[in-house]
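Chemist: I have a structure here, written as structure tokens, and I will follow up with some questions on it.
Derivation of every value follows stated rules applied to the coordinates shown; laboratory data play no part. Quick caveat: nothing in here was measured; it's all calculated off a predicted structure. Reconstructed Cβ throughout: ideal geometry from the backbone, glycine too, with neighbour counts over all protein chains shown.
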Amino acid sequence: MALQPIDQFAARLPAAQRESVRQATKGTHEKRTQLLLDRFADGDGLRRLAGQIKQHVIENLDTYLPQVEARLQANGARVHWAATGEEACAAVLGILKARGATKLVKAKTMVSEEIGLADYLERHGIESLETDLGEFIVQIDHDHPSHIVRPIIHKTRGEIARSFEREGLGAYDDDPQVITQRARRYLRKKYLEAGAGLTGANFVSIESGRLVVVTNEGNSRFCLAASKCHIALVGIEKLVPRDCDLALFLSLLARSATAQPLTVYTEFIAGPKSPAQPDGPEEMHVVFLDNGRTEVLASECRDILRCIRCGACLNVCPVYRQAGGHAYRSVYPGPVGAVLSPMLAGGRFPEFADLPKASSLCGACQEVCPVDIPIPDLLLRLRDRGKREGAALASAGTPPMGAWALLASRPALWRAALAAGKLIDHVPTRLLPVPALQAWSAERTLPAWRGGTFRAWWRRRGRRRPGNGAQVP
Amino acid sequence: MITCLCDAFFDDLARATVEVLEHLGCTVSFPAGQACCGQPALNSGDWAACRRVVRHTAGVFSGEAPVIVPSASCVAMLRHGAGLAFEGEPDRPQVEQLALRTWELADFIVNGLGVRTWPGRCDATIAFHRSCHSRGTASGEAALALLGSIAGIQLRPFGEAEQCCGFGGTFAVSFPHISAGMGRLKLGQIQAVQPDMLVSGDMSCLMHMGGLAERAGRPVKTRHFAQVLRDALHQT
């Protein structure tokens, strides 16, 4: 029986890395729960409300996208539409070329990871620099983020200090404050040299065309303060109906993502600088990205497009805590990634058909989701799809169910199986050609077989007490 | 419905379920054609196999009587999971009709019958594991209310209660390393409070945790709450 890649990855993961991921995610999760319940009388009600609002938006994107485009244009921004990642990369490159910019500073955006923007720009002679500390470290290490909010959750500060030393940013020192100061000094001059600043957007208000960008480091402000051109790369699902909805969404996002009442910096960007403003970008471009999202919208898994990328489902997920983010082999790890990555893969779905299997379906992800996405149901739907499409990874390590279903739907066969099961008490597990039994027994004992014992008791009792148990009244 | 696990391994829990219901004055019937709720196939992604089993089960349990199950997981399957697998199927109404009549045992006792306290005695400290499939249902609170009302029982809360034990049905054999890792963390939290027994509303979680603990040489006594309720009746 072929094995599940994510389980194999987890088995190889160094214990220290697993423990640091666990401690970090556990801490944030527990603080988040407290914060949400302390501040709000009905935190769960807020999650459901936010979920309904986002569901409304994604089901009416055909109406709302033209509206927001008109609003953004009225605000003085230029709007670009990209059907694919390649088109989005080309749009960004086109904007930079038109301005003669060769250097770009970037705030953290998962969408840029999704489309491989940094590599693309580098291939086209543009220096693209990550300014979020975590993403900066990922970049100098040629690594990948392993968490959507905390990209370097898998790294120790010793590793980071060694990377800084290697890059000539100072002699080895693993004091987080020293590391931060060094990155800050290095990045400051880069902001001044850059010809453009790129951000994502956490939300875009359809009503006002305002982009909302949240950070804790203030780096997105620096990206925009010095450069004359702001490029925002935005997934088409990021819309919220009104500015007043942001009160709800920002409250939920910061609490869910980092267990803060509000992020340190929350920017509302309503367009390029106005003539009265002394500083700020003269040009503002918003690149809306589809890259498979309309296909998700057309599927039974459209609810996943509500996601506001807070990472709460990663933090609470016991499988993520065991395996870490890189186990998911994709930009979006954890429960949300197990749905989103196979969906966004389009024709390459079979390569990711094991991701939806990497869950005990415990439901903790839905319980914490700030937009109440029924992630376990979506995982189940994708398991069904993987099986129907015959994806090998969807069946790896999974006991076949056909014969079992036959037994469980034919009472005579079922009773015969209950009797035959006694075999496991007498034959050592390793000699039985049942992979599931061996996988079970590697780490656990199996209770004694008692197949049919209850039924025998019930029959004996029925004879002793005629009339009892024979009929439903 | 006694569940496939009780049919194969845990006959005493099936008996306890009958005895607890009869103590409350219920007339219990046991349709002999029953086998399983169909969840293993749903979770494995083999929905055709799942529908086959659910159809059989819906036939076996046709009628008007409430269907009582000593497992929050099987109940979640029949109340919710089966509906997913039957979207667009002509016989979905039968499956939904069964869902409406299906109760988890503690939920039935407390919220169906309105019984909130339990007689008898049990001198033990208990760690109660809320199984994941009772999330968002009344079952966990119901079982805790009943256990907490029994003279002599001390409930011992433990850390990270929201975390899954790692069983997850076929997950336990498809992802054996992750499943065992999750189980060890859960056992660590439970054994830290040194309970006399680990109690849950799902025997599957207990089979997994008990098996892990035994293999690790630190066995833990596991009981389903129905067994605790039944045994309490015989102690005064």
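Chemist: Nearest 0.05, what FRET efficiency do A:Glu69 and B:His80 give at R0 = 45 Å with Cβ-Cβ as r?
Modeler: That pair, A:Glu69 with B:His80, gives E of 0.70.
Chemist: Order by neighbour count: A:Ser360, A:Ser256, A:Ser128, B:Ser62, fewest other Cβ atoms within 10 Å first, most last.
Modeler: Values: A:Ser360 25, A:Ser256 28, A:Ser128 22, B:Ser62 13.
Result, fewest neighbours first: B:Ser62, A:Ser128, A:Ser360, A:Ser256.
Chemist: Excluding A:Lys26 itself, calculate the net charge of residues whose Cβ lies under 14 Å from the Cβ of A:Lys26, where each Lys or Arg counts +1 and each Asp or Glu counts -1.
Modeler: Working: positive: A:Arg18, A:Arg22, A:Lys31, A:Arg32, A:Arg150, A:Arg321, B:Lys186; negative: A:Glu19, A:Glu30, B:Glu160, B:Glu162.
Cβ neighbours under 14 Å give a net charge of +3.
Chemist: Report, in degrees rounded to the nearest 10, the 0 to 90 angle that the Cα long axis of helix A:85-99 makes with the longest principal axis of chain A.
Modeler: The answer is roughly 10 degrees.
Chemist: Check chain A for me: any Cys whose beta-carbon has no other cysteine beta-carbon within less than 4.7 Å?
Modeler: Flagged as lacking a Cys partner: A:Cys89, A:Cys223, A:Cys229, A:Cys244, A:Cys301, A:Cys307, A:Cys310, A:Cys317, A:Cys369.
Chemist: Computed FRET efficiency, Cβ-Cβ of A:Asp279 and A:Asp173, R0 30 Å: what is it to the nearest 0.05? Could the numbers behind the result be given before it?
Modeler: Numbers: r = 35 Å, r/R0 = 1.15.
Once the sixth-power term is evaluated, E becomes 0.30.
Chemist: Could you tell me the relative contact order of chain A? Use alpha-carbon pairs under 8 Å, at least six residues apart, and round to a whole percent.
Modeler: Values: 753 pairs, mean separation 91.9, N = 473.
This gives 19 percent for chain A.
Chemist: Here's a follow-up. Exactly which trypsin sites (Lys or Arg not before Pro) in region B:51-121 are in a DSSP loop and have at most 14 other Cβ atoms within 10 Å?
Modeler: Values: sites: B:Arg51, B:Arg52, B:Arg55, B:Arg79, B:Arg101, B:Arg116, B:Arg121; in loops: B:Arg116.
Loop-located and lightly packed - B:Arg116.
Chemist: Report, ordered by chain and residue number, the lysines lying within cross-link reach of A:Lys422, taken as a straight Cα distance under 30 Å and ignoring same-chain residues fewer than 8 apart.
Modeler: B:Lys221
Chemist: Amide H to amide H under 5 Å from A:Val287: which residues, 5+ apart in sequence or cross-chain, H placed 1.01 Å off N in plane?
Modeler: Under 5 Å from the amide H of A:Val287 lie the amide H atoms of A:His80, A:Ala232, A:Leu233, A:Val234, each far enough along the sequence or on another chain.
Chemist: Enter the angle in degrees (range 0 to 90, nearest 10) between the Cα long axis of helix A:453-464 and the first principal axis of the Cα atoms of chain A, meaning the one along which they spread out most.
Modeler: Between helix and principal axis, roughly 50 degrees.
Chemist: Could you list, in their original order, any pairs among A:Lys106/A:Lys228; A:Lys54/A:Lys238; A:Lys357/B:Lys186; A:Lys26/A:Lys155; A:Lys357/A:Lys387 whose Cα atoms are separated by more than 19 Å? Intermediate values should be presented prior to the final figure.
Modeler: On the way: A:Lys106/A:Lys228 14 Å; A:Lys54/A:Lys238 9 Å; A:Lys357/B:Lys186 21 Å; A:Lys26/A:Lys155 16 Å; A:Lys357/A:Lys387 11 Å.
Result: A:Lys357/B:Lys186 exceed 19 Å.
Chemist: Looking at the square roots a ≥ b ≥ c of the eigenvalues of the Cα gyration tensor of the protein assembly as shown, which shape do they give, rounded for a/c under 1.5, prolate if a/b is larger than b/c, or oblate?
Modeler: Working: a/c = 2.18, a/b = 2.00, b/c = 1.09.
Prolate shape, in that a/c is at least 1.5 and a/b is the bigger ratio.
Chemist: Using alpha carbons only, how many degrees (0 to 90, rounded to 10) separate the axis of helix A:375-388 from the longest principal axis of chain A?
Modeler: Long axis of A:375-388 versus the principal axis of chain A: about 70 degrees.
Chemist: Rank the residues B:Thr236, A:Thr180 as a footprinting-exposure proxy: fewest other Cβ atoms within 10 Å of their Cβ go first.
Modeler: Values: B:Thr236 8, A:Thr180 12.
Ascending Cβ contact count within 10 Å gives the list B:Thr236, A:Thr180.
Chemist: Mind checking which of A:Ala417, B:Cys165, A:Ala15 is farthest towards the positive end of the protein assembly as shown's charge dipole, using Cβ charges of +1 (Lys, Arg) and -1 (Asp, Glu) about the Cα centre?
Modeler: The Cα lying farthest towards the positive end belongs to A:Ala417.
Chemist: Turning to a different aspect of this structure: Which ³J(HN,Hα) values in Hz, rounded to whole numbers, follow from the phi angles of region A:200-215 under the Karplus curve 6.51 cos²θ - 1.76 cosθ + 1.60, where θ = phi - 60° and Gly and Pro get x?
Modeler: For region A:200-215, the Karplus-derived couplings read x, 8, 6, 8, 10, 7, 5, 4, 10, x, 6, 8, 10, 10, 10, 8 Hz, x marking Gly and Pro.
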